[in-house]
Amino acid sequence: MKYASVPLNQNQNGWLKEDLLSTAFPTLVGNTQADWVVVGSGFAGVSFARRLANHDRNLKIILIDAASAAESSSARNSGFIIGLPHNIGSSTAELKKAHSYRSLLQEGINQLTTLIEQQGIECEWENVGKYHCQVDTTQERVLKEYTDNLDTMSEPYQVLEKESLYQKLGTRFYNKGIYTPSAILVNPASLITALANCLPENVTVYNNTPVLEILPGNIAQVVTPYGTIKTAKIMLATNALSRELAPVISKQAAMATFASITAPLNPEQRRRLPAMSSWGLTPVNAIAGATLRYTQDHRFLIRQHVTAALNGRITAAQTYRATQLHQRLFQKIYPQLGDVPLTRTWSGTISVTRNGAPVWGALGKNIYTAGGCNGAGVSKQTIAGTLLADYALGQDHPLIGAMQELGKANYLPPSPILDVAIAASLMKERYLGRKEI
């Protein structure tokens, strides 16, 4: 019998603080039943479970995760909560549906803002905007399309040239950047862990409980290593992982991204930089370029390098190679900080689709999903999970139409054709963005 793959990162999440290392929830042991089972405690799964529970306090909801919220891909991202659509690699698919994306992303931010305030969540939340930067002076198309869409939406922005960027970022590596105020920076591990910890009372959470298979039927059976859950309805919040659990052909692929974080800069090292507050930067080519952050505690985060991870597993050797790459790139961007070491490197998976559209809605009888985040998941997956709960319960919401306007993800071929196609796509993006690193 073929069981579902289980995500595995042979590295430790660099965002984790000591109080998040302990397991907050038990492993499922024994058989049980529920009205709903939600698989995955990332932003989509937690948002979906909360919305279900708030709609009907009599529903018995079980949320299970192969690891925990603190070790999920949601906790391993770069901590950008994006309020505006942007390009992924050389694709500008999101920009072509900018109005729908904007309304969804900003509602996701509104929901998170409310929860932060209501629950008193500490996650280093900073409403500081972000920089979208370019190295190559000969490739203006993506930034031009970006500013054209910002103009169309009447969104404020500021164009910054090299010297102005240096005063903000402490590097002359970038030749041009667009600053937009509609973005928030957080510690993503602190945020998603806190959201999982404050779910309504009719949601029961089990950690370290991977789903091995789902046996369909009017009452489905969700099989885990130490117990089975009988349930009428299921929501898969696994993005492209555990493809074996979905009753349809996959339309999304799992990719791994890698991030490293430095030791905090000491006062002498900080004097080599302009006076800076914390900031976040996304590159014009997210596949080839580097995402950067300067944190509240004077550390640099660098995320660069994307590779296929169709089974969700990343080895220690892959992590080591990413560390070496990040060290070289950090020294290239900040040559004045050659004595600042990287202290941790980790990986996380994103889900990509061929046409940039999400995988959202009913997959079959009584099974639903919200996936295909395409690398911009915090606000997007928060609202996607909320709207999916409304949709599944037949509740009206004005943004369900906006969600459906994003379209449907295109078909993806099976392996080995998919493997070859992904390798070719990554090679193309790295070539197009070769001057961005």
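The values are calculated or read from the model by the stated rules, or taken from the named source; none is laboratory data. Just so you know, these numbers come straight off a predicted model, no measurement behind them. Here Cβ is always computed from backbone atoms with ideal geometry, including for glycine, and neighbour counts include all displayed protein chains.
In region 274-310, which residue that is small (Gly, Ala, Ser) and closer than 30 Å to residue 4 by Cα is surrounded by the fewest Cβ atoms within 10 Å (Cβ to Cβ)?
So the residue we want is 308.
If I ask for residues that are small (Gly, Ala, Ser), under 19 Å from residue 48 (Cβ atoms) and in contact with a Ser or Thr (Cβ under 8 Å, 6 or more places away or on another chain), which ones from region 347-378 would you list?
Those that are small (Gly, Ala, Ser), under 19 Å from residue 48 (Cβ atoms) and in contact with a Ser or Thr (Cβ under 8 Å, 6 or more places away or on another chain): 361, 371, 372, 377.
Of everything in region 30-55, what is aliphatic (A, V, I, L, M), more than 26 Å from residue 309 (Cβ to Cβ) and in contact with a Ser or Thr (Cβ under 9 Å, 6 or more places away or on another chain)? Give them in sequence order.
Just the residues of region 30-55 that are aliphatic (A, V, I, L, M), to begin with: 34, 37-39, 44, 46, 49, 52-53.
Within this subset, residues satisfying the condition of being more than 26 Å from residue 309 (Cβ to Cβ) are 34, 52-53.
The one that is aliphatic (A, V, I, L, M), more than 26 Å from residue 309 (Cβ to Cβ) and in contact with a Ser or Thr (Cβ under 9 Å, 6 or more places away or on another chain): 34.
Output the residues belonging to region 290-328 that are farther than 26 Å from residue 8 by Cβ and within 17 Å of the chain's Cα centre (by Cα).
Selection gives 292 alone.
Looking only at region 230-265, how many residues end up being part of a strand (DSSP E or B) and farther than 24 Å from residue 52 by Cβ?
10
For region 321-437, please list each of the helices (runs of 4 or more DSSP H) lying entirely inside it that holds at least 1 residues being surrounded by fewer than 18 Cβ atoms within 10 Å (Cβ to Cβ) and modelled with pLDDT under 90.
417-432
Kindly list the number of the only condition in (1) of a type in the set (A, V, I, L, M, F, W, C); (2) out of contact with any helix residue (DSSP H, G or I) (no Cβ under 8 Å at 6 or more places or on another chain); (3) closer than 24 Å to residue 436 by Cβ that fails for residue 263.
Exception for residue 263: condition (3).
Can you pull out every residue in region 152-178 that is assigned to a helix (DSSP H, G or I) and either at positive phi or at pLDDT 90 or above (or both)? Before the answer, list the steps.
Narrowing region 152-178 to residues assigned to a helix (DSSP H, G or I): 152, 162-169.
Answer for region 152-178, where residues must be assigned to a helix (DSSP H, G or I) and either at positive phi or at pLDDT 90 or above (or both): 162, 163, 164, 165, 166, 167, 168, 169.
When you look at residue 102, is it at pLDDT below 95, surrounded by 19 or more Cβ atoms within 10 Å (Cβ to Cβ) and among the basic types (Lys, Arg), yes or no?
Values: at pLDDT below 95: yes; surrounded by 19 or more Cβ atoms within 10 Å (Cβ to Cβ): yes; among the basic types (Lys, Arg): yes.
Yes; evaluated as a whole, the condition is true for this residue.
Determine which member of the set 121, 116 is in contact with a Cys (Cβ under 8 Å, 6 or more places away or on another chain) and either assigned to a loop (DSSP other than H, G, I, E, B) or modelled with pLDDT under 95 (or both).
121
Is at least one residue of region 147-158 over 26 Å from residue 403 (Cα atoms), without any contact (Cβ under 8 Å) to a residue 24 or more places away in the chain and touching a strand residue (DSSP E or B) at 6+ places or on another chain (Cβ under 6 Å)?
The answer is yes; a qualifying residue exists.
Could you check, for region 279-295, whether at least one of its residues is within 27 Å of residue 370 (Cα to Cα), polar (S, T, N, Q) and part of a strand (DSSP E or B)?
Among the residues of region 279-295, at least one is within 27 Å of residue 370 (Cα to Cα), polar (S, T, N, Q) and part of a strand (DSSP E or B), which makes the answer yes.
Would you mention how many residues in region 157-172 are buried (at least 21 other Cβ atoms within 10 Å of the Cβ) and within 26 Å of the chain's Cα centre (by Cα)?
1
With the requirement that a residue be within 20 Å of the chain's Cα centre (by Cα) and of a type in the set (Gly, Ala, Ser), what does region 275-289 give you?
Within region 275-289, 280, 286, 288, 289 meet the criteria.
Among the residues that make up region 186-194, is at least one of them within 28 Å of residue 85 (Cβ to Cβ) and part of a loop (DSSP other than H, G, I, E, B)?
yes
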